[in-house]
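**Q** Let me give you the structure first, and then I'll get to my questions.
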Amino acid sequence: MSSRLPQEGSRINREKTVDFRFNGKNLKGFYGDTVASALLANNEMFVARSFKYHRPRGIFSAGEEEPNALMGIGEGPFFEPNIRATEVKLKQNMNVASQNHWPSLKFDFLSINNLFSRFFAAGFYYKTFMWPRAAWKYLFEPMIRRASGLGNAPREYDEEHYEHIYHHTDVLIIGGGLAGITAAKALRDRGLSIMLCEKDCVIGGRYLEDSKIEEKDRYKKFHEKSIGILKKSKDISVKLNTTVTGIFDHGFVLAYEENQHSNTATKKALWKIRAKTIILCTGAIERPIVFPDNDLPGIMLAASVRDYLQKYGVLLGDRLVLTTNNDYAYKTVIELKRRGIDIPVVLDARASSDNPIIKEAKGLGVRILFGKCIGKVEGKRKASAIGICSVNGEGTIEELIPCNAIAVSGGWTPNVNLWSHCGGKLLWDGECGFYKPDPENTPMGREGETNMLALGACAGVFSNYDIQDQVPRKINQLASRLKIKSKRYIETNVFSKEPEKKTKPIFVLPHGASKDKQKRMYIDFQNDVKVSDLQLAVQEGFENVEHAKRYTTLGMATDQGKTSNINGIHVLSQSLGKPVDKIGHTTFRPPYKPIPLGLIAGQYAKKLFKPVRKTPIDKWNLLNNAIWEPVADWRRAYAYPKGNEGLEETLSREVLSVRKNVGLLDSSTLGKILVKGPDAGRFLDLIYTNMMSTLKVGKCRYGLMCNEAGFVFDDGVVARLNDQSFLCHTTSGGADRVYAWLEEWLQTEWHHLKVFIVNLTEQYSQIAVAGPKSRELLQTFKSIDLSAEKLPFMNFIETNIDDIWVRIYRISFSGELSYELAVNSNQAEELWNKLIKVGKKYKVQPYGTEALHILRAEKGFIVVGDETDGTVTPHDLGMEWIVSKKKKDFIGKKAFSLPHLNSSIRKQLVGILTLDTNKVLPDGCHAVEDGKAIGHVTSTYFSPTLKRSIALGLIENGRSRKGSTLEFEISSKESIFAKIVDPNFYDPEGAKQDG
Amino acid sequence: MLNLFCPICQRDCDETELSCGGQAHLIRRDHASSDKDFYEYLYERKNDKGIIFERWRHVYGCGKWFHTARCTLTNQVFGSYSAKEVQPPKSILATIRRSRVDFKGWVK
């Protein structure tokens, strides 16, 4: 049983108790506890169910490598699933819940998977659920989904406050252990900005906890002095609780800051750091030895056992066995033994060791057995005894030793993930049994320079003496490589030079474990991958490490195989009979540890996720019951329903008001691009398919733009404001695209032309006044004369309405007499209100985008994006009249001469009239002939004017089909028949546009 | 995330401020060109492993286009230059040669 000691614990404050709940049970911890240390203090050793077999699991580590103890933490809008209990600071009234079980942790129905585990080997799902197809949808998938997965997704909107912070630094040091601290000290006073990120809430790494009694005071003094230096140095900023999660191109680094003060709001920030040089001091992670039944609660990494003891005063068990292959792990038994804890036996897989630490342990009365290991662990939900066996052989038990805790250490793996994120290569160190950074193949910066340096344990240097000896030297070398002129940094080594603590690379024990034992030897705890699974993968031909990884899911869980990677690679190498360095390793990818999705979104959530563009008349639209339609980033009024009107009635009223009286449209979203300069006309002649340079001042011309492939790109009316200025109108959604297009051609192809381009879309608003009574309405304002002689079709004038400046275009998108009023945006609302007020006499109705679309479809006018889809030419649309034959060059000219753009079987724009006048064709439905699709519907409406259904469509060789009837398939069972006609349904002579 | 030098702003800028425009130094083919030349201009693009010359627009900055030389293997950047250049300037080619001895020069 785990428990809290009456004293000790460098991280906790025993004066302040903290109440929390675990699976509904009220428990107490101390200020400074992690959730894991508080759970262990309350004897909660069995805290999780495994992912696949739902096996009982306990806390295995004390850091971010934790594979087992994933919790759902918090409540309601602050709930977060899959959080490592070892990393979260305990807070008052915190709600902690275990995951992946039903109905409860202790009685998990799904642990039945464990009984059938021999059926659930690697590739089980691939092999089993192959057929029948329907069973996937109704049986297998729902069943698997219920049984698998980790925590539950939050049900409420995440109310946590996240921030993004940008930072630039000359040097970024990642990790505040001895190497990181020494590097920071060595870099200071050189005119550099230095940032040090430490994932923990304090800096110092392991050296204080690792010190011997007689060294303790000396190290403490050294530590305090170092902290003082870091604090005083203005060029060093230290970020605690900040984990670097990813390193990207050109020194771009993402770090996750999580300030977790008990009882205060959590501050979560994503740091976006650009660092010229990165110094990696990320230390190492202890790895386990793989042995039979190694996943039971009560088994923990040796250094973590010591962490809980020294930092939190928590004891994993009072009868602890250590199994190891290295000298360093003995520190754990020595610390425990000093506190009077019973250590029945230490099993050392090596044949012998002459390190003095062995003698020290022996002196404390510890029984050490060399060449031995664990052959089995007894206990159902908690380890209760171990069976000792010889490292060689199949694992016959020689002796059974009762115990309640097992510490395991298979040596330390340099934490090289971040080195690999951006191209750094790794070298296999066969003597020590780990991968370490290859100093010849480093990550590179923008100029191709080495931009990362690995120091300390992450580079495979473990002794404090060596680190303090090497780091200043390496930093001095770095400074001279970066040509930083400053004094060399020298530091007296405070650490004692000790005989090297050795590790024998042994990964899986016993060596000759039987098949039955291999099925109980877990490599990856989080994904339940066993030695037998990897062997099966090899047997079935998944020999490449990347294949074996995906087939077995080794290292693919949220811990990314931090404790399992090297062991897995070793088992693969054994199964394949190939040395490890010939097998390679899988790629480490960001993030180093999981980060909340909300953090990535940062402040750009809710209203800021995608800000809505609103027109100056938006307020009026809102107050007048507008239904909204998104158009690019804008919101536009789709229709303005009145009273109990149905949508069809609304649309009919709005359309007919334009046909019979007068309607008002907020068309402010229309793109408006000013093209100005002596060469403006020449430039526009190259851009549009028709001639623009000949346009007279005061006149408008409709224009079409194509791309080089000859396909329609955008359209709109161009007005010539004066000799050197053209105002080009674009589609509402296309303004930014067209503006970028014009800039691109001007800057990269025709940069000799003297032209400037300005996007004025938001500077001017526009109001359409359309309908037979539009002239009368506008004439109410005495100042203007809009007679046909004064303002003919496709002309504009500039004038004032009362004291508001307006530019009035006589253009029409409805076929009726119509004016569009451009106004400075700050006066648009005022003008709109005037028009509504004056228009009452004429029963003026505001109309929305849907009525606009119906009106133009009745006239057969195209909309770019409806009638065109990037594969439609002006000829396809029946608009060959707009393609200039005179102009020497324009974008698309060459393409129009190509045979396939002139082929007779191209789809052409036609009008479509259903035989049943009430049946409206579905948008996009296909015309079918001899079982072949020959075209589709591009726009389709019920026309209130014609009181029948109308549609536009693109049909193969459509113009020659006029008069014939085609079948439109709307489902496999139903077709609608319709006649192909000219696309202009209403007033084909154009008599109405003059009023 | 790449960081490129905008020769107009004379500033380093993050990739998020930029928009990539693909291969640089394409020659526009007009109506007088052969169908083959036109096809190549429209659709044929290099996809080199190694040094490439590409177009970028400082879209959330000065709005101007510029060119860069970059290694697609290592993301090493050899410099930025004006989009008006019809071929990479000598200084850029010299920079590339300094770190890539086997660089054969710019090919159209």
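The values are calculated or read from the model by the stated rules, or taken from the named source; none is laboratory data. These numbers come from a predicted model, not from an experiment. Every residue, glycine as well, gets a Cβ built from its backbone with ideal geometry; the counts of neighbours run over all protein chains shown.
**Q** What residue, among those in region A:657-671 that are in a helix (DSSP H, G or I) and in contact with a strand residue (DSSP E or B) (Cβ under 9 Å, 6 or more places away or on another chain), is farthest from A:Val738 (Cα to Cα)? Walk me through how you get there before you give the answer.
**A** As a first pass, look at region A:657-671 and keep what is in a helix (DSSP H, G or I): A:657-660.
Now drop any that are not in contact with a strand residue (DSSP E or B) (Cβ under 9 Å, 6 or more places away or on another chain), which leaves A:657-658.
Details: A:Ser657: 33, A:Val658: 30 Å.
For region A:657-671, the residue satisfying everything is A:Ser657.
**Q** Look at region A:869-888 and say how many of its residues are surrounded by 13 or more Cβ atoms within 10 Å (Cβ to Cβ) and in a loop (DSSP other than H, G, I, E, B).
**A** Residues that pass the stated criteria total 13.
**Q** Scan region A:892-912 and give yes if some residue there is touching a strand residue (DSSP E or B) at 6+ places or on another chain (Cβ under 6 Å), within 14 Å of chain B (Cβ to nearest Cβ) and in a loop (DSSP other than H, G, I, E, B), otherwise no.
**A** Scanning region A:892-912, I find at least one residue that is touching a strand residue (DSSP E or B) at 6+ places or on another chain (Cβ under 6 Å), within 14 Å of chain B (Cβ to nearest Cβ) and in a loop (DSSP other than H, G, I, E, B), so the answer is yes.
**Q** Outside the structural domain of A:Arg636 (by TED's automatic domain parsing) and farther than 30 Å from A:Val612 by Cα: is that true of A:Lys754 in this structure? Working first, answer last.
**A** Details: outside the structural domain of A:Arg636 (by TED's automatic domain parsing): yes; farther than 30 Å from A:Val612 by Cα: yes.
Yes: the conditions hold for A:Lys754.
**Q** Next up: Would you be able to tell me the number of residues in region A:14-41 that are farther than 15 Å from A:Thr86 by Cα and assigned to a loop (DSSP other than H, G, I, E, B)?
**A** Qualifying residue count for the region: 2.
**Q** Do any strands (runs of 3 or more DSSP E) entirely within region A:385-466 hold 2 or more residues that are under 30 Å from B:Gly50 (Cβ atoms), and if so, which?
**A** Numbers: elements: A:385-390, A:399-402, A:405-409, A:412-414, A:426-429, A:434-437, A:452-454.
Result: A:426-429, A:434-437, A:452-454.
**Q** Sticking with this structure for a sec: Considering only residues of region A:730-756 that are touching a helix residue (DSSP H, G or I) at 6+ places or on another chain (Cβ under 6 Å) and either surrounded by 20 or more Cβ atoms within 10 Å (Cβ to Cβ) or of a type in the set (Phe, Trp, Tyr) (or both), which is farthest from the other protein chains (Cβ to nearest Cβ)?
**A** Residues of region A:730-756 that are touching a helix residue (DSSP H, G or I) at 6+ places or on another chain (Cβ under 6 Å), as a first pass: A:730, A:753, A:755.
Now narrow it down to the ones that are either surrounded by 20 or more Cβ atoms within 10 Å (Cβ to Cβ) or of a type in the set (Phe, Trp, Tyr) (or both): A:730, A:755.
Details: A:Thr730: 17, A:Val755: 14 Å.
Applying the filter and picking the extreme gives A:Thr730.
**Q** Now a separate question. Conditions: (1) of a type in the set (Asp, Glu); (2) in a helix (DSSP H, G or I); (3) under 24 Å from the mean Cα position of the chain (by Cα). A:Glu209 meets all but one. Number of the miss?
**A** Result: A:Glu209 passes all but (3).
**Q** Another question, if that's okay. Give me a count of the residues in region B:52-72 that are out of contact with any Ser or Thr (no Cβ under 8 Å at 6 or more places or on another chain) and either closer than 12 Å to B:Ser19 by Cα or more than 9 Å from every other protein chain (Cβ to nearest Cβ) (or both). Step through it out loud before you land on a result.
**A** Within region B:52-72, the first condition is being out of contact with any Ser or Thr (no Cβ under 8 Å at 6 or more places or on another chain), and the residues that meet it are B:58, B:61-64, B:70-72.
Now drop any that are not either closer than 12 Å to B:Ser19 by Cα or more than 9 Å from every other protein chain (Cβ to nearest Cβ) (or both), which leaves B:58, B:61-64, B:70, B:72.
Qualifying residue count for the region: 7.
**Q** From the set of residues in region A:672-696 that are of a type outside the set (Phe, Trp, Tyr) and in a strand (DSSP E or B), which is farthest from A:His729 (Cα to Cα)? Spell out how you get there, then give the answer.
**A** Keep residues of region A:672-696 that are of a type outside the set (Phe, Trp, Tyr), which gives A:672-682, A:684-687, A:689-696.
Cutting the leftovers down to in a strand (DSSP E or B) gives us A:672-676.
Details: A:Lys672: 5, A:Ile673: 6, A:Leu674: 9, A:Val675: 11, A:Lys676: 14 Å.
It comes out as A:Lys676.
**Q** Here is a further query. Taking region A:863-891, which residues are within 12 Å of chain B (Cβ to nearest Cβ) and among the small types (Gly, Ala, Ser)?
**A** Residue satisfying the conditions is A:Ser884 alone.
**Q** Looking at the structure I just gave you, is A:Lys225 at pLDDT 95 or above and either surrounded by 22 or more Cβ atoms within 10 Å (Cβ to Cβ) or among the charged types (D, E, K, R) (or both)?
**A** Values: at pLDDT 95 or above: yes; either surrounded by 22 or more Cβ atoms within 10 Å (Cβ to Cβ) or among the charged types (D, E, K, R) (or both): yes.
Against the criterion (at pLDDT 95 or above and either surrounded by 22 or more Cβ atoms within 10 Å (Cβ to Cβ) or among the charged types (D, E, K, R) (or both)), A:Lys225 qualifies.
**Q** Can you pull out the strands (runs of 3 or more DSSP E) entirely within region A:915-995 that have at least 3 residues that are out of contact with any Phe, Trp or Tyr (no Cβ under 9 Å at 6 or more places or on another chain), modelled with pLDDT of 95 or more and at negative phi?
**A** Details: elements: A:926-929, A:932-943, A:948-956, A:965-969, A:975-981.
Because the criterion is at least 3 residues that are out of contact with any Phe, Trp or Tyr (no Cβ under 9 Å at 6 or more places or on another chain), modelled with pLDDT of 95 or more and at negative phi, the strands (runs of 3 or more DSSP E) in region A:915-995 that meet it are A:932-943, A:948-956, A:975-981.
**Q** Look through region A:697-729, keep the residues that are part of a strand (DSSP E or B) and among the polar types (S, T, N, Q), and return whichever of them is surrounded by the most Cβ atoms within 10 Å (Cβ to Cβ). Before you say what the answer is, go through the steps one by one.
**A** If we filter region A:697-729 for residues that are part of a strand (DSSP E or B), which is where we start, we get A:699-706, A:712-722, A:725-729.
Checking the rest, the ones that are also among the polar types (S, T, N, Q) come to A:722, A:725.
On the way: A:Asn722: 9, A:Ser725: 15.
Among residues in region A:697-729 that are part of a strand (DSSP E or B) and among the polar types (S, T, N, Q), the one surrounded by the most Cβ atoms within 10 Å (Cβ to Cβ) is A:Ser725.
**Q** Separate question: Where residues in region A:703-721 are within 14 Å of chain B (Cβ to nearest Cβ) and in contact with a Gly (Cβ under 7 Å, 6 or more places away or on another chain), which of them is nearest to A:Gly681 (Cα to Cα)?
**A** Selected residue: A:Cys706.
**Q** Among the residues of region A:732-741, is any closer than 15 Å to A:Leu670 by Cβ, assigned to a helix (DSSP H, G or I), at pLDDT 95 or above and in contact with a Ser or Thr (Cβ under 7 Å, 6 or more places away or on another chain)?
**A** The answer is yes; a qualifying residue exists.
**Q** Only one of (1) more than 10 Å from chain A (Cβ to nearest Cβ); (2) under 20 Å from A:His250 (Cβ atoms) fails for B:Thr95. Which number is that?
**A** Among (1) more than 10 Å from chain A (Cβ to nearest Cβ); (2) under 20 Å from A:His250 (Cβ atoms), B:Thr95 violates only (1).
**Q** Which one is farthest from A:Val571 (Cα to Cα), of the residues in region A:424-447 that are without any contact (Cβ under 8 Å) to a residue 60 or more places away in the chain and crowded, with 17+ Cβ neighbours inside 10 Å?
**A** The extreme case among them is A:Met444.
**Q** Out of region A:642-673, which residues are within 30 Å of A:Phe726 (Cα to Cα) and either touching a Lys or Arg at 6+ places or on another chain (Cβ under 8 Å) or modelled with pLDDT under 95 (or both)? Full working, then the answer.
**A** Just the residues of region A:642-673 that are within 30 Å of A:Phe726 (Cα to Cα), to begin with: A:658, A:662-673.
Result: A:Val662, A:Asp666, A:Thr669.
**Q** Also, I was wondering about something else. Do we find that A:Lys276 is surrounded by fewer than 24 Cβ atoms within 10 Å (Cβ to Cβ) and in a helix (DSSP H, G or I) in this structure? Quick ask: steps written out before the conclusion?
**A** Values: surrounded by fewer than 24 Cβ atoms within 10 Å (Cβ to Cβ): yes; in a helix (DSSP H, G or I): no.
Here the answer is no, as A:Lys276 does not meet what is asked.
**Q** Next up: Touching a residue at least 12 places away in the same chain (Cβ under 8 Å), outside the structural domain of A:Gly733 (by TED's automatic domain parsing) and basic (Lys, Arg): which single residue out of A:Lys907, A:Lys885 fits that description?
**A** Numbers: A:Lys885 fails: touching a residue at least 12 places away in the same chain (Cβ under 8 Å).
Checking each option against the conditions leaves just A:Lys907.
**Q** Whether any residue in region A:797-808 is more than 21 Å from A:Ala828 (Cβ to Cβ) and either free of Cβ contacts under 8 Å to residues at least 40 places away in the same chain or assigned to a strand (DSSP E or B) (or both) is what I want to check.
**A** Let us first name the residues in region A:797-808 that are more than 21 Å from A:Ala828 (Cβ to Cβ), namely none.
No; the residues of region A:797-808 include none that is more than 21 Å from A:Ala828 (Cβ to Cβ) and either free of Cβ contacts under 8 Å to residues at least 40 places away in the same chain or assigned to a strand (DSSP E or B) (or both).
**Q** Filter region B:1-39 down to the residues that are among the charged types (D, E, K, R), without any contact (Cβ under 8 Å) to a residue 24 or more places away in the chain and either more than 9 Å from every other protein chain (Cβ to nearest Cβ) or within 19 Å of B:Arg70 (Cα to Cα) (or both) and list them by number.
**A** Of the residues in region B:1-39, the ones among the charged types (D, E, K, R) are B:11-12, B:14-15, B:17, B:28-30, B:35-37.
Of the ones still in play, those that are also without any contact (Cβ under 8 Å) to a residue 24 or more places away in the chain are B:12, B:14-15, B:28-30, B:35-37.
Of everything in region B:1-39, those that are among the charged types (D, E, K, R), without any contact (Cβ under 8 Å) to a residue 24 or more places away in the chain and either more than 9 Å from every other protein chain (Cβ to nearest Cβ) or within 19 Å of B:Arg70 (Cα to Cα) (or both) turn out to be B:Asp12, B:Asp14, B:Glu15, B:Lys36, B:Asp37.
**Q** Please go through region B:43-64 and give me each residue that is aromatic (Phe, Trp, Tyr) and touching an Asp or Glu at 6+ places or on another chain (Cβ under 7 Å), ordered by number.
**A** Let us first name the residues in region B:43-64 that are aromatic (Phe, Trp, Tyr), namely B:43, B:53, B:56, B:60.
Residue satisfying the conditions is B:Tyr60 alone.
**Q** On the given criteria, is A:Thr914 in contact with a Ser or Thr (Cβ under 8 Å, 6 or more places away or on another chain) and of a type outside the set (D, E, K, R)? Please lay out each step first, then the result.
**A** Numbers: in contact with a Ser or Thr (Cβ under 8 Å, 6 or more places away or on another chain): yes; of a type outside the set (D, E, K, R): yes.
Yes: the conditions hold for A:Thr914.
**Q** Take the residues in region A:448-488 that are within 14 Å of another protein chain (Cβ to nearest Cβ) and either of a type in the set (S, T, N, Q) or surrounded by fewer than 23 Cβ atoms within 10 Å (Cβ to Cβ) (or both); name whichever of them is farthest from B:Thr95 (Cα to Cα). Give the steps one after another, and end with the answer.
**A** Residues of region A:448-488 within 14 Å of another protein chain (Cβ to nearest Cβ): A:448-452.
From what's left, either of a type in the set (S, T, N, Q) or surrounded by fewer than 23 Cβ atoms within 10 Å (Cβ to Cβ) (or both): A:448-451.
Working: A:Gly448: 11, A:Glu449: 13, A:Thr450: 17, A:Asn451: 19 Å.
Within region A:448-488, the match that is farthest from B:Thr95 (Cα to Cα) is A:Asn451.
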